[in-house]
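The values are calculated or read from the model by the stated rules, or taken from the named source; none is laboratory data. This is a predicted model, so every value here is computed, not measured. Every residue, glycine as well, gets a Cβ built from its backbone with ideal geometry; the counts of neighbours run over all protein chains shown. The accessibility values were calculated without ligands, DNA or RNA, using every heavy atom of the protein model including side chains. Shrake-Rupley method; radii C 1.70, N 1.55, O 1.52, S 1.80 Å.
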Amino acid sequence: QVQLVESGGGLVQAGGSLRLSCAASGRTFSSYTMGWFRQAPGKEREFVAGISWSTSNTNYADSVKGRFTISRDNAKNTVYLHMNSLKPEDTAVYYCAADRGGPIAIAPGAYDRWGQGTQVTVSS
């Protein structure tokens, strides 16, 4: 079983950058499709970005394309979300999630494991 711990959130001004990390435990991390989701107060959890186990495939929400980049280092059991040109509307709790194989899914229900979340706040 994979356990996930996010880090790297914080307060940043609009236009700034942050890098989120998700450290995974478990020997089968490299076989999981990984995703980043976010949830703002009063809103549903939404897909942000996903990456296949091989790193050859990625997918992004339209709202973050060109600004966010997802990557993973299977040797370090870590997935990253590089966030540039941050906007106040990016403010949310960001969650890392793992899906046991398969294509990159955008529905939260497709993911088996979740981290506890890390807060990202973008001030205007």
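Being among the charged types (D, E, K, R) and closer than 17 Å to residue 10 by Cβ is a property that holds for residue 87. Considered as a group, the residues in segment 75-116 that are in a helix (DSSP H, G or I) and open to solvent by 70 Å² or more (accessible area, probe 1.4 Å) include one that is farthest from residue 42 (Cα to Cα), and that residue is 109.
Filtered by the rule that a residue be among the small types (Gly, Ala, Ser), at pLDDT below 95 and surrounded by 18 or more Cβ atoms within 10 Å (Cβ to Cβ), segment 45-65 gives a lone residue, 52. Among the residues making up segment 57-74, a single one is in a strand (DSSP E or B), within 21 Å of residue 25 (Cβ to Cβ) and in contact with a helix residue (DSSP H, G or I) (Cβ under 9 Å, 6 or more places away or on another chain): 72. Only one of the numbered conditions (1) open to solvent by 50 Å² or more (accessible area, probe 1.4 Å); (2) under 22 Å from residue 15 (Cα atoms); (3) not hydroxyl-bearing (Ser, Thr, Tyr) is violated by residue 68, and that is (1).
Would you confirm, using the coordinates I've provided, whether residue 115 is out of contact with any Gly (no Cβ under 6 Å at 6 or more places or on another chain) and at positive phi? In short, no.
Taking the listed residues 72, 38, the one that is free of Cβ contacts under 8 Å to residues at least 40 places away in the same chain, closer than 25 Å to residue 101 by Cβ and among the charged types (D, E, K, R) is 72, with no other qualifying. Taking first residues from segment 1-25 that are more than 15 Å from residue 118 (Cβ to Cβ) and partners that are β-branched (Val, Ile, Thr) and open to solvent by less than 50 Å² (accessible area, probe 1.4 Å), the Cβ contacts under 8 Å between residues at least 6 apart in sequence or on separate chains come to 13/122; 14/122; 16/122; 25/2.
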